[in-house]
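Data block below; observations after.
The values are calculated or read from the model by the stated rules, or taken from the named source; none is laboratory data. Please read these numbers as outputs of a predicted model, since none were measured by experiment. Here the Cβ is made from the backbone with ideal geometry for all residues, glycine too, and neighbour counts use every protein chain on show. Protein only, heavy atoms only, side chains kept; ligands, DNA and RNA dropped before computing areas. Shrake-Rupley method; radii C 1.70, N 1.55, O 1.52, S 1.80 Å.
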Amino acid sequence: MILQQILRLSSIFRSAVAIHLRRNIGLSAVVFNKTKELDPVQKLFLDKIREYNTKSKQAGGPVDAGPEFHKDMNESLARLQRAYGEGDLTKFPEFKFE
């Protein structure tokens, strides 16, 4: 009788320890992956995206866009305003539901 209770408690203890270890291993794997150094290609890709982002903020629009691009964009915006009415076409429309 006592032996059965000890075996039952040991199996409960074993399962609790197994769950605890499984959770800790899962958490440590996530932390390890975040601290792991990026692949060189991934790092280069992210660096180029960040560089483009800073350049576009400084330029106030697309990077390395010449006067031809701005002329085409202004013509397209004027054509769209004639076709779809007045308003600012560079902003997302606001919808109001009543």
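Pairs, please: C-beta under 7 Å, at least 6 apart or cross-chain, first residue under 20 Å from THR90 (Cβ atoms) and in segment 42-64, second open to solvent by 70 Å² or more (accessible area, probe 1.4 Å)?
Correct list of pairs: PRO62/PHE69; VAL63/TYR52; VAL63/LYS55.
Can you work out which of the residues in segment 21-55 that are part of a helix (DSSP H, G or I) and of a type in the set (Lys, Arg) is modelled with the lowest pLDDT?
LYS34
With the requirement that a residue be at pLDDT 85 or above and in contact with a helix residue (DSSP H, G or I) (Cβ under 9 Å, 6 or more places away or on another chain), what does segment 56-89 give you?
The answer is none; no residue qualifies.
Only one of PHE97, PHE92 is exposed (fewer than 11 other Cβ atoms within 10 Å of the Cβ), modelled with pLDDT of 90 or more and outside any helix (DSSP H, G or I); which?
Exactly one residue qualifies, and that residue is PHE97.
Looking at segment 52-98, which of its residues are under 32 Å from the mean Cα position of the chain (by Cα) and hydroxyl-bearing (Ser, Thr, Tyr)?
TYR52, THR54, SER56, SER76, THR90
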